[in-house]
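Working notes, beginning with the structure itself.
The numbers here are math on the coordinates, done by the rules we state, and not lab data. On a predicted model such as this, the values are computed, not experimentally measured, just so you know. Neighbour counts are summed over all protein chains in view; Cβ atoms, including those assigned to glycine, are modelled from backbone coordinates with ideal geometry.
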Amino acid sequence: MNRKKLLCLALACLCMCGCASRKTEPADGDQIVVTMLYPSDLPSLENLVETTYPDIDLQIEKNAAGTIDGEMERRLRNGHGSDIVTSTLAAGDVLNYLADLSADEYIAAYQSGMMRKIAKDGKNLFIPLPAQYYGYIYNVTLAQENGLLVPTTQDELMEMLEKAKKARIGTDEKGSVFVVNGTPATTATFVIATQIPDFFGLSEGIRWLDDLKNGKAAFAGALDSCLDLPLEMIEKEYLDPFPFTSVSNSAPILQKMSSGEMLVAFDNVTMLDRIRKNSEYEFDMLPMLSKEGNPAWTVSAPTAFLGINKALTGEGEEARLDACRRILGLLSTPEGQDAFMMDNGAAYSYLVDYTPDSDIVPGGIKACMEEGFNYNISISNDFMRYFGNRCNAVLCGQKDIASALAEVDGYMQGGDSQTATLIGTINQDMLVEKYNVRLGETEIGNLISDAVREITGADIAVVNGGSIRGSLYKGDLYSYDLDYVCPYQDTIIILEVNADVIRQMLSNSLSTMLRDVEIPGGRFLNVSGLKYSFTLPTQDAPAQLVDVTLPDGSPLEENAVYTLAVTDYMAGASGYFDNNGDGFTMLNVYSSDVPKAENVKLVRETEDTFQSILKEYIIKHNTEEIASQIEGRITSVEKDE
């Protein structure tokens, strides 16, 4: 294999970062507990660490926001950080809160070029985790059976999609043949990746990036055509624009690809591996293709960067600091890289002496790697989210490209920084961690549902746990904090329902407490104006509703009509295809996907969101400190109780 060309797309972005240590006592006298936030379980890595070092108990907290961006920055800054710090970019103010790793021997195991790129004032504060490859995942079986040639250029890709659409090969119920999941970060990766063969991978793009980092360049004028390809796909109905809307769930790529319902998807090797394990079809990955006759490129990005919380350098934390250093040292060996890759599906290591398993790299992108065309994207999660959000607005028709790029340039120049408007005071930490708002009663769930019930005047208010993404911390509360707590813009509506509808609604909310890789679904309901209990879910049976009463314990009246505050999303405003609406069809007053709900009447629509209601509630109570307690509104029982 020839030496790979590794270019780093380093886009400066403004972010407020910080970290602090939350001290964790050892599980017993012989073990040191070390905590680490990550979006998914890492069982192979945990096993390797604890087998190699029996005195260490590595605890991975699985969290949807497991990287240092947005809510994680707030969490660390407010004293709820982990011992091993995970970041999506080794840059920003967070570097001031990390221990110096420069003297650690394992630093020498990494490629010097990568370490220079992520160094701060000559100090190494992070190590890079193995990289993910991104590209076009396609159904080899369907392509071969139907005589579709493997594309080698962007035009040939479009021809392939056109033929497939006309012949209804690998198309879903809407006739789409290509899918991107629609989350802002994925959209940003897709858009940037499409520009690599004809811009970022060329000398022109390299110079532009250098100028951008020095404040001498802008997106407007240089990337005006960056959305031409996905917009053409949407115009020709190869690509459904709905997943790019803020009210949509991300497109179910695994389901659509593994079933043969979709021919091509943009995603990474982890998704490719999951699709292969769940399908009888054969799949491969294609690189990013040129429209102008340039070589195709593979695209990779470090999964994340790991550092050590600087607070562990303080007195009394010597043992925990040593444990963290040993963990990073073990991860910096081929065995450590193999363990992480087994857990994560990453396919490229930044170690100097590492021989990858040839089976890890998809066959469709091997040629590019052998010829040295691998583009390494290293972009902050904050920027990816912002840029992807603006791209999504263009792709779903809410914004034009000129205004979107102008906003991106404003963000890069610091013009979009959040205004710190003080709106109230919180007298306790109300934490979102370990998916607690999707598993049971929480202080923050009670607070938001109480706010909705009070502001709307409804008898009952429910808040789906997936809408609550960030914690509230003791002390002053600013307007931008609410952007992290309740980021979605679904509006609140008031329905009239009977007792049976309420029971059906709660039963549905419990149905996905155990979901893919044991991550609880976001439909779990936090409540105000109700109490309910349920049996705990098992691998063999979902959670089941046991009882529901009014707050005083009295039963629901079967013939009574209750006003219920829910989101329009739950009531079918986004439809119920592709997991939208979270299965709350018993509340459907909008969608034609399924029959309209019985015994449900739309009383009032509002322009309020969870975020705006929470803000109004806190301002309304500005003469008091906001507090919330666990009250027994939601309880769980074993199935035999």
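When the listed pairs 216/291; 165/596; 120/213; 62/474; 117/291 are checked against a 20 Å cut-off, the alpha-carbon distance exceeds it for 216/291; 165/596; 62/474; 117/291. Can you list residues from other chains, or at least 5 along the same chain, whose modelled amide H is less than 5 Å from the amide H of residue 534? So residue 534 has HN proximity to 546, 635, 636, 637.
Report the extension gain between residue 120 and residue 159 in nm, rounded to one decimal, defined as 0.36 nm multiplied by the number of residues separating them, less their alpha carbon distance. Could the numbers behind the result be given before it?
Working: separation 39, 0.36 × 39 = 14.04 nm, distance 4.67 nm.
Gain on extension, residue 120 to residue 159, equals 9.4 nm.
For the chain, the residue among 509, 440, 258 whose Cα projects farthest onto the positive side of the dipole built from Cβ charges is 258.
Tell me, 86, 141 in order of fewest to most beta-carbon neighbours within 10 Å? Intermediate values should be presented prior to the final figure.
Values: 86 21, 141 15.
Lowest to highest Cβ neighbour count: 141, 86.
A cut-off of 5 Å between modelled amide H atoms, ignoring neighbours fewer than 5 places along the same chain, links residue 475 with 426, 427, 428. Convex hull volume of the C-alpha atoms in the stretch 228-380, normalised per residue: 180 Å³.
Normalised by the number of residues in the chain, the average gap of Cα pairs under 8 Å and 6 or more apart makes the relative contact order 17 percent. Here the stretch 531-641 was treated as a single set of alpha-carbon atoms; its pair distances binned every 10 Å from 0 give 11, 25, 38, 23, 3 percent. If only the Cβ of Lys and Arg carry +1 and only the Cβ of Asp and Glu carry -1, the dipole of the stretch 390-536 around its Cα centre is close to 380 debye. Taking amide H positions as modeled 1.01 Å from N, with prolines and chain starts lacking one, the residues under 5 Å from residue 301 and 5 or more places away or on another chain are 132, 377. Judged by the gyration tensor of its Cα atoms, with axes a ≥ b ≥ c, the chain is oblate; a/c meets the 1.5 cut and b/c is at least as large as a/b. Using θ = phi - 60° in the Karplus curve 6.51 cos²θ - 1.76 cosθ + 1.60, the 3J(HN,Hα) couplings for the stretch 291-305 round to 9, 10, x, 7, x, 6, 10, 7, 10, 9, 8, x, 4, 4, 10 Hz; x is entered for Gly and Pro. When the Cα atoms of the stretch 401-471 are aligned to their principal axes, the ranges along those axes come out at 45, 30, 27 Å in descending order. Considering only 630, 591, 482, and ranking their Cα positions along the charge dipole of the stretch 422-637 that arises from unit charges at the beta-carbon of Lys, Arg, Asp and Glu, the one farthest toward the positive end is 591. Please name whichever of 373, 388, 534 sits farthest to the positive end of the charge dipole of the chain, dipole taken about the Cα centre and charges placed at Cβ: Lys and Arg +1, Asp and Glu -1. Looking along the dipole axis, the top candidate is 373.
Taking other C-beta atoms within 10 angstrom as a stand-in for reagent exposure, 496, 443 fall in the order 496, 443, fewest first.
Tell me the Kirkwood hydrodynamic radius of the stretch 422-637 in angstroms, computed as one over the mean inverse distance between distinct C-alpha pairs.
Its Kirkwood hydrodynamic radius stands at 17.4 Å.
Sequentially through the stretch 383-399, phi angles give Karplus couplings (6.51, -1.76, 1.60; θ = phi - 60°) of 5, 4, 5, 5, 4, x, 4, 5, 5, 4, 4, 6, 5, 9, x, 8, 8 Hz, Gly and Pro residues having no value and appearing as x.
Nearest-5 percent of antiparallel DSSP beta bridges in the chain? Before the final figure, lay out the partial values.
Values: 50 of 79 bridges.
Antiparallel bridges: around 65 percent, rounded to the nearest 5.
Phi-derived couplings, Karplus 6.51 cos²θ - 1.76 cosθ + 1.60 at θ = phi - 60°, listed residue by residue for the stretch 362-374: x, x, x, 10, 5, 4, 4, 5, 5, 8, x, 9, 10 Hz, with x used for Gly and Pro. Here the contact order of the stretch 422-637, divided by its residue count and restricted to Cα pairs under 8 Å and six or more residues apart, works out to 31 percent. Placing +1 on the Cβ of every Lys and Arg and -1 on the Cβ of every Asp and Glu, with nothing else charged, gives the stretch 168-288 a dipole about its Cα centre of roughly 320 debye. Please arrange 590, 480 by how many other C-beta atoms lie within 10 Å of their C-beta, fewest to most. Fewest-to-most Cβ neighbours within 10 Å comes out as 480, 590.
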